[in-house]
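One structure is given below, encoded as structure tokens.
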Amino acid sequence: MAVQRSDPACAKFLGAFITECELNKAGAGWTLKGVKYGAAPRDKCDVALATITAKMQTQYVILKPTRDIPAKEQGNSTARDR
């Protein structure tokens, strides 16, 4: 959503995919894996995406779980649990 708002030309930008990685210099533990531009111009969206990604990597961290959490604790209930 931030990329689409950054420039009217990026309104048709579809989205970005992230993947877990070793902690980077921002300490985020994630990086961009792929981008779906749709009909948006790549050059303009890349500029916005670089800026937004750098900012988000200082705000959002992906950590590996330290223990296995049962599905019920995660909030994922099955029909049998209801």
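Observations
- Calculated FRET value between Leu14 and Thr66, using beta carbons and R₀ = 22 Å, to 0.05: 0.05
- Contact order normalised by residue count of region 2-81, Cα under 8 Å, 6+ apart, percent: 29 percent
- Of the peptides 2-11, 36-45, 18-27, the order by per-residue mean of other Cβ atoms within 10 Å, starting with the highest, comes out as 2-11, 36-45, 18-27.
- Gyration tensor verdict on region 2-81 (Cα atoms; rounded if a/c is under 1.5, prolate if a/b is larger than b/c, oblate otherwise): oblate
Read the figures in this text as sums done on the coordinates, not as results from a lab. Note that the coordinates shown come from a computational prediction; the quantities given were computed from them, not determined experimentally. Quick reminder, even Gly has a Cβ in these numbers, built from the backbone with ideal geometry, and neighbours come from all protein chains shown.
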